[in-house]
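Scroll down for the structure; my scribbles are underneath it.
The values are calculated or read from the model by the stated rules, or taken from the named source; none is laboratory data. Small disclaimer: the values here were computed from a predicted structure and weren't measured. Please note: Cβ atoms are built from the backbone with ideal geometry, for glycine as well, and neighbour counts cover all protein chains shown. What goes into the accessible areas is simple: the full protein's heavy atoms, side chains included, and nothing from ligands, DNA or RNA. Shrake-Rupley method; radii C 1.70, N 1.55, O 1.52, S 1.80 Å.
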Amino acid sequence: MEPMGENVMPRAAGDGGIGRRAVLCGGAGAVGATVIAGCGGSGGAKSAQDLKGKQIAEAADVPVGGGKIYGDEKVVVTQPAQGEFKAFTAVCTHQGCTVGSVRNGIIHCPCHGSEFKITDGSVAKGPAGTPLQEYPIQVKDGGIVVT
């Protein structure tokens, strides 16, 4: 870009240069894409095959009527009734955020308010439209193991 001097005229908005509005709008679009990307994608959901044979929780750590989220594995383990355990992906099916809490029989996603039932991972409240992926598990020596 040339320095502005006494013989140089600034460019008019319509003469082929990039206008201030285009720069501002482009910047806002880039920021918006970054924010959306933070909530989007698969979020690192693991398949049952990836976790097969792995102990993902201690049965004693999972409250009856509730659950516990294991962020490293992106798994949520629930205990809907005494001695009945379920395991699901902790990655919300709406836009890939990791679920944030389990309370009152519901798995809650903090990003957009989706809720899932601890009994089967089904959607209790949208915007998510599909249930959480369930993992086959068994209790073995006090641990929850993916089978």
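Please verify whether Val76 is within 20 Å of Gly142 (Cβ to Cβ), surrounded by fewer than 13 Cβ atoms within 10 Å (Cβ to Cβ) and either hydrophobic (A, V, I, L, M, F, W, C) or modelled with pLDDT under 65 (or both), treating the condition exactly as stated. When the stated conditions are applied, Val76 does not pass them.
Return the residues of the stretch 48-68 that are out of contact with any helix residue (DSSP H, G or I) (no Cβ under 7 Å at 6 or more places or on another chain) and open to solvent by 50 Å² or more (accessible area, probe 1.4 Å); say none if nothing qualifies. Answer for the stretch 48-68, where residues must be out of contact with any helix residue (DSSP H, G or I) (no Cβ under 7 Å at 6 or more places or on another chain) and open to solvent by 50 Å² or more (accessible area, probe 1.4 Å): Gln49, Asp50, Lys52, Gly53, Lys54, Gln55, Glu58, Ala60, Asp61, Pro63, Val64. Taken together, the criteria place Val91 among residues that are of a type in the set (Val, Ile, Thr), in contact with a Leu (Cβ under 9 Å, 6 or more places away or on another chain) and within 14 Å of Ala45 (Cβ to Cβ).
Conditions (1) over 11 Å from Gly66 (Cα atoms); (2) acidic (Asp, Glu); (3) over 16 Å from the mean Cα position of the chain (by Cα), marked per residue:
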{"position": "Gly83", "(1), (2), (3)": "yes, no, yes"}
{"position": "Phe88", "(1), (2), (3)": "yes, no, no"}
{"position": "Cys97", "(1), (2), (3)": "yes, no, no"}
{"position": "Val102", "(1), (2), (3)": "no, no, no"}
{"position": "Ile107", "(1), (2), (3)": "no, no, no"}
{"position": "Glu115", "(1), (2), (3)": "yes, yes, no"}
{"position": "Asp120", "(1), (2), (3)": "yes, yes, yes"}
{"position": "Ala128", "(1), (2), (3)": "yes, no, no"}
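Conditions tested, residue by residue: (1) over 12 Å from Gln133 (Cα atoms); (2) touching a Gly at 6+ places or on another chain (Cβ under 6 Å).
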| site | (1), (2) |
| --- | --- |
| Ile69 | yes, no |
| Glu73 | yes, no |
| Val76 | no, yes |
| Gln79 | yes, no |
| Gln82 | yes, no |
| Lys86 | no, no |
| Ala90 | no, no |
| Asn104 | yes, no |
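Within the option set Lys117, Lys54, being among the basic types (Lys, Arg), at negative phi and modelled with pLDDT under 95 holds for one residue only, Lys54.
Close Cβ contacts (under 6 Å, 6 or more residues apart or on different chains) running from residues in the stretch 71-87 that are over 15 Å from Lys117 (Cα atoms) and of a type outside the set (A, V, I, L, M, F, W, C) to residues that are open to solvent by less than 30 Å² (accessible area, probe 1.4 Å) and not in a loop (DSSP other than H, G, I, E, B) comprise Glu73/Ile56; Lys74/Val91.
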